[in-house]
Amino acid sequence: MKAILKNLLGAVAPTIGTALGGPMGGMAGKILSQTLGVPNNQKSIEQAIQTATPEQLAQIKKAEAEFDKP
């Protein structure tokens, strides 16, 4: 993922952003794709994050809270 997108995602959803690069990357990608309404592939998710509306960013934050629950 491009550095600027990693920084944006890290600011909005740090746990999901970190998970993308690890063994839970598939799950994190699935959550992002479902939240943003795009196919679950890197290019689609990157494009969606680049053009995310404030409402979508809020949805990502909500998904982050659910993802981060123990």
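The values are calculated or read from the model by the stated rules, or taken from the named source; none is laboratory data. Note that the coordinates shown come from a computational prediction; the quantities given were computed from them, not determined experimentally. Cβ atoms come from the backbone with ideal geometry, glycine included; neighbour counts cover every protein chain shown.
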Going through region 51-65 in order, the residues found to be surrounded by 11 or more Cβ atoms within 10 Å (Cβ to Cβ) and either charged (D, E, K, R) or outside any helix (DSSP H, G or I) (or both) are A52, K61, K62, E64
Does region 30-48 hold any residues that are within 15 Å of L8 (Cα to Cα) and at pLDDT 90 or above, and which are they? L32, L36, I45, Q47, A48
Just give me the residues in region 20-50 being more than 16 Å from N7 (Cβ to Cβ) and not in a helix (DSSP H, G or I), in sequence order. G22, P23, M24, G37, V38, P39, N40, N41
